[in-house]
Structures are given as C-alpha cells and as structure tokens.
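What follows is one structure encoded as structure tokens, with my remarks underneath.
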Amino acid sequence: MTDRPAKVDILGTGVSAVALAEATRLILNPPQQGLVVAVANVHMAMSARRSDELAQILRRADVVTPDGMPLVWAHRALGVEAPERVDGLRLFRSTVEAGLSTGARHYFYGSSPETLALMETRLRQTYPDIQIAGVISPPFRELGAEEQAAHTTAIQASRPTVVWVGLGMPKQELWMDRVRAALPGMSLVGVGAVFDWIAGTVGKAPAWMQNAGLEWLYRLAQDPRRLWRRYAWNNPAFLVLLSGQVLRHRLAKQSAARR
C-alpha cells in the first residue's frame, strides 16, 4: 500500500500522522490486500512496550491513528504536526456517514448479542440508509480453528467494505492480524468500546475532557476497581519516557544543526 500515512515512533510504537478525513478515505477504499487500522492511546503504546507480539502487530498495521490527545501532543513535541485526534468513535461516525453515498457495507464483530442488537437499532434510526452486512458476537474464550474459520467465511461471504472489531485491546489487534490474509479487499478496524458507546450501554467522556487529554479520568471514575492500576502506572510512566525521547530528539537536532 503506497499511500498510507507515515508513522512517527512514539516510545517504540509507530503512530500515523493522519487526519480524520484521510483515515476515513483509506478505510472506505481498501486495497486488494486489505487494510488493518488500529486506534492507539497511551495504554496501547505502553502495552506494546511490554509485549513484543503486540509491538510487531502494530508495526504490521497499515494505519495506527492517534486515539488519545497525549499521542497528538507527542507528535508535536517530536516535531511532527499531527493534524488532529482520530479516536475510534469519530472515525466510526465519519466512515459510516461518508459511506452512505457510496454504498459501503459494514460488518460488526465483537461485544455481546444484546449490545450488537441495541447498536444496530440505533444505527438504523440515525442512518436509515446504512448497509449492515452482518454481525457476530464471538464467545469470550479463545476461538478454536474451526470456529475462527467459520467466522471469517461468514464475513467474507457477506462482502463488507469495513469490518468493525470491538473485542478490546489487545484481543482485537491480535484477531485482525491473524485473519487479515483470509479477509482480503476489506478494511479491518479495531474500535474497542465504540460498540458500547453507540449502543448507549457505556457513557462517553464530554468533549472538553477528551480535548484536554482527560478521558482516562472519566473512564477511571466509571470503573475504578478495574482501571486504577492501569492508569496509576501507565500515565506517569508514559510522561517520563516520552520526556526522555523528546529530550534526545531535541539534542540530536541541535547537534545536527551545529555540524
């Protein structure tokens, strides 16, 4: 794929300097070999530092959007102008809306049957012309080879433009990387909790908190027992490590300018 946006190394994870409109266009026009899109936040970047498997998967992904404002700020601190935050929910809505005029077909893979049903109802109410190719709510456990093959066969037979994957990180990234060869000609996009947000089963942080990089605080308040360890470690560690990377980057630029 020749026109994919350049990635900027942020603590070892390549994050694409991509605008929402460009990401939307790429998703709606997947190449013959298909397209894999991950949406990255601090948690994903820090997880990739601890998991070589996840790090390799993100390197193979065609597009890794800056889902969290800290990654946009990291681009800028490293001298790259990231156009904007491209989070999963805005990317989803932008792609669905742009695809209405082109007949884009959407497949939803992940979450519970109840959430999928609620989401489909809301989407049809908001976008009466949306083309939903199908839905699958896979079991929470690890899939067997036959189950996985049955799922990819069902998806392939429905001829979707986009497969939206809501399995949570890193499960959805591992799944997309594993099945991409079996699903050519379509876009696979991991969107985490977007299914729940569309269905209305989970609340979304207000825009001001998202723009201020405080969405993590909103999510922590919703589920403190599960998330406090993640944020207590990841966020401070990310800031310390990024500060070191930015300092090295600036020193290298100063050294190069003196030569």
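Restricting attention to the range 24-46, which residues are part of a loop (DSSP other than H, G, I, E, B) and either at positive phi or crowded, with 20+ Cβ neighbours inside 10 Å (or both)?
30, 34, 41
For residue 111, which of the numbered conditions (1) out of contact with any Gly (no Cβ under 6 Å at 6 or more places or on another chain); (2) of a type outside the set (D, E, K, R); (3) in contact (Cβ under 8 Å) with a residue 24 or more places away in the chain fails to hold?
(1)
Just to be sure, is residue 150 touching a helix residue (DSSP H, G or I) at 6+ places or on another chain (Cβ under 7 Å) and not hydroxyl-bearing (Ser, Thr, Tyr)?
Here the answer is no, as residue 150 does not meet what is asked.
Which one of these does residue 132 not meet: (1) out of contact with any strand residue (DSSP E or B) (no Cβ under 7 Å at 6 or more places or on another chain); (2) without any contact (Cβ under 8 Å) to a residue 40 or more places away in the chain; (3) within 17 Å of residue 189 (Cα to Cα); (4) surrounded by 16 or more Cβ atoms within 10 Å (Cβ to Cβ)?
Of everything listed in (1) out of contact with any strand residue (DSSP E or B) (no Cβ under 7 Å at 6 or more places or on another chain); (2) without any contact (Cβ under 8 Å) to a residue 40 or more places away in the chain; (3) within 17 Å of residue 189 (Cα to Cα); (4) surrounded by 16 or more Cβ atoms within 10 Å (Cβ to Cβ), residue 132 misses just condition (1).
Name the single residue, out of those in the range 81-120 being closer than 19 Å to residue 28 by Cα and among the aliphatic types (A, V, I, L, M), that is surrounded by the fewest Cβ atoms within 10 Å (Cβ to Cβ).
Filtering first and then ranking leaves 100.
Out of (1) farther than 30 Å from residue 122 by Cβ; (2) of a type outside the set (A, V, I, L, M); (3) within 14 Å of the chain's Cα centre (by Cα); (4) in a helix (DSSP H, G or I), what's the single condition that is false for residue 14?
Against the list (1) farther than 30 Å from residue 122 by Cβ; (2) of a type outside the set (A, V, I, L, M); (3) within 14 Å of the chain's Cα centre (by Cα); (4) in a helix (DSSP H, G or I), residue 14 comes up short only on (4).
Among the listed residues 142, 114, which satisfies the condition of being part of a helix (DSSP H, G or I) and of a type in the set (D, E, K, R)?
114
So residue 49 clears everything in (1) among the charged types (D, E, K, R); (2) closer than 24 Å to residue 204 by Cβ; (3) assigned to a helix (DSSP H, G or I) except one condition, right? Which one?
Only one criterion in (1) among the charged types (D, E, K, R); (2) closer than 24 Å to residue 204 by Cβ; (3) assigned to a helix (DSSP H, G or I) is unmet by residue 49, namely (2).
Could you count how many residues in the range 37-92 are more than 11 Å from the chain's Cα centre (by Cα) and hydrophobic (A, V, I, L, M, F, W, C)?
16
Can you name every one of the helices (runs of 4 or more DSSP H) wholly within the range 147-252 that holds 3 or more residues which are touching a residue at least 24 places away in the same chain (Cβ under 8 Å)?
In the range 147-252, the matching helices (runs of 4 or more DSSP H) lie at 171-179, 194-199.
I'd like the full set of residues that are farther than 21 Å from residue 240 by Cα and crowded, with 17+ Cβ neighbours inside 10 Å, limited to the range 5-23.
Matches in the range 5-23: 5, 7, 16, 17, 18, 20, 22, 23.
Here, each number is a calculation from the coordinates, and none is a lab measurement. Keep in mind that this is a model prediction, so the values were computed, not measured. Cβ atoms come from the backbone with ideal geometry, glycine included; neighbour counts cover every protein chain shown.
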